[in-house]
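Peer 1: There's a structure below that I have some questions on.
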Amino acid sequence: MRDSPARPWSNEALHERLLAIPSMLTDEERKYLIWLTRTVFTWRGAVLDLGPWLGASSASLAEGLERGGHAGVVHAFDLFRWERCYMQMDRAPDLADGDDFHPWFRRMVAPWGQRIQSAPADLTSYRWTGGPIEILFVDAAKSWALTKAILQSFGPHLMPGVTRIVLQDFADSPTYFLPLVFDAAPTAFREVEAVDIGTTVTFVVQPGADLAAVAATCDPEQFPLARSTEIFRRRAAACQGLQRSLYLGSLCYRSAEELEVAQLDALEAEIRTAYPKVTADRIQRYRDASCRLVERGWQAIQSGDLQQAASLARRALQQAPNQPWSVILSTSVALRQRDEKTFLASLQKLKSFPDQPEYLLFHAEYCSHLGDLLQAEADLLATLVLFQDRPTAVRWALGLLSSVLRRQPDLQRAWRVVQRLPAQDLLGIEFQVLCAEVALAAGHVAEASRACELALAAEPDNTRAQHVQHSLAARRS
């Protein structure tokens, strides 16, 4: 782990052309990538970006090459298949599930021209043949299987003592397996950098590293709860504040898979002590064990493995037959497989849960896909009234409502809808982000600025709020 908290990348400037690209990265993570290729890159290997989405990471890496006067290029690989469930956000293109967004990526990174070379790739089977790799940025390791495939494909091309592996999701709880795999191999990897605001951690490959052996450990059976606890405790002990809370959250997330309720209660108290600003919604996400198989199913969908997603959905239904989230996963798989009959049948099954918000939420998603924005709006407003005591449902509804309202032709009416919401009963941060996004779309700059400031004060790494902040800055310039 790092010996020094120094972060020399903090002074890197984020120019308007960088901020124009929608991103799930924090500002500090983008600055870090610029610094990395500007100051650390030594021309001894290629620069790769695995999972660039719309190009913010690729552009940051290319920007660093330009500022450093380097002649290298960034090689970017992604499935480039749109997934609305987590990609639909402020300033992102309004695409349907499964759409190819590679043309949008190329449009976003156009200012860097041929410095960014991109191609669609399924990383579960892709094989790199481009020689040594000096910088490997990874934002695609969303599952145990993908992490294993990446190590197997790219590992033979990593240079001991030189190559940096930049893991964007390292401290994010759904990808808790990354600290387990990498920290369990101290002779293979040495940590060299980590950001403060964000989840990125970087390692250098060590001389003598057996990456094939490390890849073989990408299996949940290799990390029982006791071993996982030891690794996360060691991580948390070396950090403080937000970062400490993130690793404790990953341990909480891992423990929830085995329903260790007593440990979850103790961990929740530790998380709140480490980072008092942690939201109730984030705590709920750490603890909600009933959704673990479903979340792994979403990860399988994101990686394009619909067969695995369907298998996980079946297991989730067997384990919790009365859990709507399992039905939602099955519905989502059917939607992506264009199985309308199964999709509509699953939607009807959701309707049998009258005390649950999922039917309204998923019906809103369906109506949004069809372009029936007023019906989607009605479903979401009903959710907020009927289920205001459900943090996860409120968070989902507010996020989707922002997208639905900003797509409507009468943005002033959309803003009036937001103003009538019972703000005191809704999640503070999510509500403020909704206000900021819709107010900005409707041209109410002062209201957008105020809501954005409140959201960032409570959660500095909220990327949606950061997007609004950048848009406001661009308007003022």
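None of the figures in this text is laboratory data; all of them are computed from the coordinates on show. Model, not experiment: these values are computed from the prediction. FYI the Cβ positions are ideal-geometry reconstructions off the backbone, even for glycines, and counts take in every protein chain you see.
Peer 1: Report, in cubic angstrom per residue, the convex hull volume of the C-alpha atoms of the range 23-158.
Peer 2: Spread over its residues, the Cα hull of the range 23-158 gives 108 Å³ apiece.
Peer 1: For the range 173-192, list residues with backbone N below 14 Å from a point placed 7 Å from the Cα of Ala213 toward its Cβ?
Peer 2: Zone members listed by number: 184-189.
Peer 1: A follow-up question, please. Could you tell me which residue out of His444, Gln299, Ala13 lies farthest along the dipole of the chain toward its positive end? Charges go on the beta carbon: Lys and Arg +1, Asp and Glu -1, centred on the Cα centre.
Peer 2: Ranked along the dipole, the leading option is Ala13.
Peer 1: Can you tell me the FRET efficiency between Leu374 and Ala457 if r is taken as the Cβ-Cβ distance and R0 is 30 Å, rounded to the nearest 0.05? Working shown, then result.
Peer 2: Numbers: r = 34 Å, r/R0 = 1.13.
Using R0 = 30 Å, I get an efficiency of 0.35.
Peer 1: What is the range 210-263 by shape, rounded, prolate or oblate, if you read a ≥ b ≥ c off the alpha carbon gyration tensor as root eigenvalues and call it rounded for a/c under 1.5, prolate for a/b larger than b/c, and oblate otherwise? Spell out each step's value before the answer.
Peer 2: On the way: a/c = 2.68, a/b = 1.33, b/c = 2.01.
Oblate, because a/c is 1.5 or more while a/b does not exceed b/c.
Peer 1: So for Ile197, Ile231, fewest C-beta neighbours within 10 Å to most, what's the order?
Peer 2: Details: Ile197 15, Ile231 21.
Placing the least packed residue first, the sequence is Ile197, Ile231.
Peer 1: Defining a contact as two alpha carbons under 8 Å apart and six or more residues distant in sequence, what relative contact order in percent does the range 384-477 show?
Peer 2: Numbers: 92 pairs, mean separation 21.6, N = 94.
Normalised by residue count, the contact order of the range 384-477 is 23 percent.
Peer 1: Still on this structure, please answer the following. With a ≥ b ≥ c taken as the square roots of the eigenvalues of the C-alpha gyration tensor of the range 384-477, please select rounded if a/c is under 1.5 and otherwise prolate if a/b is larger than b/c or oblate if it is not?
Peer 2: Numbers: a/c = 1.99, a/b = 1.27, b/c = 1.57.
It is oblate, given that a/c is not under 1.5 and a/b is not larger than b/c.
Peer 1: Could I ask something else about it? Relative contact order for the range 12-163: what is it in percent, counting Cα pairs under 8 Å that are at least 6 residues apart? Write down the numbers at each step before the final one.
Peer 2: Details: 244 pairs, mean separation 39.6, N = 152.
Relative contact order, the range 12-163: 26 percent.
Peer 1: Name the shape class, rounded, prolate or oblate, that the alpha-carbon gyration tensor gives for the range 169-246, where a ≥ b ≥ c are the square roots of its eigenvalues, rounded holds for a/c under 1.5, and otherwise prolate holds if a/b is larger than b/c and oblate otherwise. Walk me through the numbers on the way to the answer.
Peer 2: Values: a/c = 1.92, a/b = 1.26, b/c = 1.52.
Judged from the Cα gyration tensor, the range 169-246 comes out oblate (a/c at least 1.5, b/c at or above a/b).
Peer 1: Based on alpha-carbon atoms only, what is the radius of gyration of the range 372-413 relative to the globular estimate 2.2 N^0.38 Å? Can you show the working numbers first?
Peer 2: Numbers: Rg = 10.4 Å, N = 42, 2.2 N^0.38 = 9.1 Å.
Its radius of gyration relative to the 2.2 N^0.38 Å reference: 1.14.
Peer 1: Per-residue counts of other Cβ atoms within 10 Å, averaged by peptide: what ranking do you get for 35-47, 430-442, 129-141, highest first? Can you show the working numbers first?
Peer 2: Values: 35-47: 18.0, 430-442: 25.7, 129-141: 20.0.
The densest-packed peptide leads the list: 430-442, 129-141, 35-47.
Peer 1: Right, here's the next one. When the Cα centres of the range 415-477 and the range 1-78 are compared, how far apart do they sit, in Å?
Peer 2: One Cα centre to the other: 27 Å.
Peer 1: Here is a further query. In nm, give the distance between the simple-model label positions of Ser311 and Asp389, each being 7 Å from the Cα along the Cα-to-Cβ direction.
Peer 2: Calculated label separation equals 4.0 nm.
Peer 1: How long are the three semi-axes of the equivalent ellipsoid of the chain, in whole Å, if each is the root of 5 times an eigenvalue of the C-alpha gyration tensor, listed from largest down?
Peer 2: Working: eigenvalues 227, 146, 103 Å².
Sorted largest first and rounded, they come to 34, 27, 23 Å.
Peer 1: Which percent, nearest 5, of DSSP beta bridges in the chain are antiparallel?
Peer 2: Details: 10 of 29 bridges.
For the chain, the DSSP antiparallel bridge percentage is about 35.
Peer 1: Can you give the relative contact order of the chain as a percent, counting alpha carbon pairs under 8 Å and 6+ residues apart? Write down the numbers at each step before the final one.
Peer 2: Values: 778 pairs, mean separation 52.9, N = 477.
RCO, the chain: 11 percent.
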